[in-house]
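Report on one structure; see the data block that follows.
The values are calculated or read from the model by the stated rules, or taken from the named source; none is laboratory data. Fair warning: this is a prediction, and the values are worked out from it, not measured in the lab. With ideal geometry, Cβ positions are generated from the backbone for all residues, glycine too; neighbour counts draw on all protein chains shown.
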Amino acid sequence: CYGGTPLEVRGSRGEQVKPQVWSLQTGVEERIEVFAKTLMRPVQYSFIEDFELPASDNDVVQVRRYELNEAGLRQARLAFNCDAVFKSMSESGVLNRGSDCDVLPGMFDLTAASNNIPFVWSLPHFYLVEAQDSTQHPRNNLIGFVTPTGPRYRNMVVVERESGRVLQSMLKEQISIRLYKDDRNYFFTKHKSIAVPLYWRMDTKNATVAERQLLSSMQGTFRGLDAGFFACMILGGVCLLAALFVGMLLYRDNSLQSVR
């Protein structure tokens, strides 16, 4: 639930998204939603670019690339009733409190879904994790972590627009465990609370050549229909103008005969 309201389950599993039936259809170009199995919630991907994907020697498929960015991570957060006064009330079962209140933006708390093991989800190397104080950033507490840049850390999806078919995807995640300072922990009494990365996971998908050729052929058919439609529109306009011109000539002839 989000603030007591049931969370709507939406988004695809990464195989198919909402198709763009016509070019002026609103809301299709800007973003898509893909259901994240680990987070158990939809995550929003934003439009990056249009480009051509090779289908065969001479054919290409017009596709669109989407990426998971800071806005998508913020939109996926469950952060409500985050004030300190609500924490004890939530632990007592008085009210609901967002599961991501106690982690930085860009990180997601998986404790409730992991038998109370304090697992944390993020992008690899804590990519896109935001901290107002740099000393509180999880990378600051770990030795040897470089600042992540480049495509190896990015989550991207490539979609064929007319069908909504996902042709390529690269979904990455990092699972960490939070270690807390506790007097009962002999090895962890004087250390700061940190999130220690456990592993990365990467799921990739690439459409086959046959799938690309089929979609390229479909796009060619749509382009032919579009060209035929515009040709009919132009021909109809020419016929209308010709009819108006002939009508004006006939009207003039009738007017001249009436005057005589």
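Numbers below:
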quantity	calculated
Matching residues, the stretch 198-220, being surrounded by fewer than 11 Cβ atoms within 10 Å (Cβ to Cβ) and polar (S, T, N, Q)	Thr204, Thr208
The stretch 122-147: number of residues that are surrounded by 14 or more Cβ atoms within 10 Å (Cβ to Cβ) and farther than 17 Å from Ser193 by Cβ	5
Residue list for the stretch 30-52, restricted to those being in contact (Cβ under 8 Å) with a residue 60 or more places away in the chain, surrounded by fewer than 18 Cβ atoms within 10 Å (Cβ to Cβ) and closer than 19 Å to Ser163 by Cα	Ile48
Filtered residues of the stretch 176-197 (kept if modelled with pLDDT of 85 or more and surrounded by fewer than 17 Cβ atoms within 10 Å (Cβ to Cβ))	Ile177, Val196
